[in-house]
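Q: Sharing a structure below in structure tokens format, with a few things to ask.
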Amino acid sequence: MDENNLFEEVSEKMPDDGSQAEMEQLKKERDEYLDGWKRAKADLINYKNEELTRLREISRFAGEDMMRDILVVIDSFDLGISVLGEESEGAAGKGMYMIRTQLEDVLRKKGLERVIVSTGSPFDPSLHEAIASIESNLPSGTVVDEVERGYLLNGKLLRPARVVVAK
């Protein structure tokens with residue numbers, strides 16, 4: 001239905017005397033419908049934006065389980081390199097170190113970063129997991145040693161660093 005037909009239809013329903021009250025009532029209804037439509041449109045836009053944000057978050061952390069599995073492989077590389085010890089200067093050691101570095105670079109591009117732990121830094125339960133506490137000349141509540149590396153995925157803790165803490 002085009003605008004002219006709508007105008008004619010409304011005009012036919014209007015009394016011939018051009019009742020002002022009826023005209024005001026129609027304008028009020030029109031404004032209510034328009035406001036409702038505007039609210040519905042704004043709600044739809046907000047819903048779309050919220051869903052887009054939610055989907056972005058899901059995609060950022062979709063590979064979380066796979067990253068945890070790959071961290072086990074990185075730990076194995078670290079163990080292999082430490083077992084080689086002084087032999088790591090040979091071709092096998094260099095090869096293992098290079099593969100580990102390449103793997104870590106790929107994961108870094110995907111948002112994985114290492115939790116930095118240094119001896120003497122304060123224990124942070126949001127980043128560290130204390131697996132033991134020992135007597136030390138360091139202040140109480142500080143990290144003595146890192147037993148297993150911790151990692152963040154896009155700023156979210158994926159695996160806490162396992163540390164030994166001073167008593």
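The values are calculated or read from the model by the stated rules, or taken from the named source; none is laboratory data. What you are looking at is a predicted structure, and each value in this text was computed from that prediction instead of being measured. Because the Cβ atoms are built from the backbone with ideal geometry, glycine has one as well, and the counts that use them run over all protein chains shown.
Q: For segment 84-100, enumerate the residues that are out of contact with any helix residue (DSSP H, G or I) (no Cβ under 9 Å at 6 or more places or on another chain) and modelled with pLDDT of 80 or more.
A: If the condition is that a residue be out of contact with any helix residue (DSSP H, G or I) (no Cβ under 9 Å at 6 or more places or on another chain) and modelled with pLDDT of 80 or more, then Gly95, Met98 are the ones that fit.
Q: Further question: Asp69 passes all but one of (1) farther than 26 Å from Val144 by Cα; (2) acidic (Asp, Glu); (3) in the same structural domain as Arg159 (by TED's automatic domain parsing); which number fails?
A: (3)
Q: If only one of Leu138, Leu107 is closer than 23 Å to Asp69 by Cβ and hydrophobic (A, V, I, L, M, F, W, C), which one is it?
A: Result of the check over Leu138, Leu107: Leu107.
Q: In this structure, is Ser140 more than 28 Å from the chain's Cα centre (by Cα) and not assigned by TED's automatic domain parsing to the domain that holds Arg68?
A: For Ser140, the condition - more than 28 Å from the chain's Cα centre (by Cα) and not assigned by TED's automatic domain parsing to the domain that holds Arg68 - is met.
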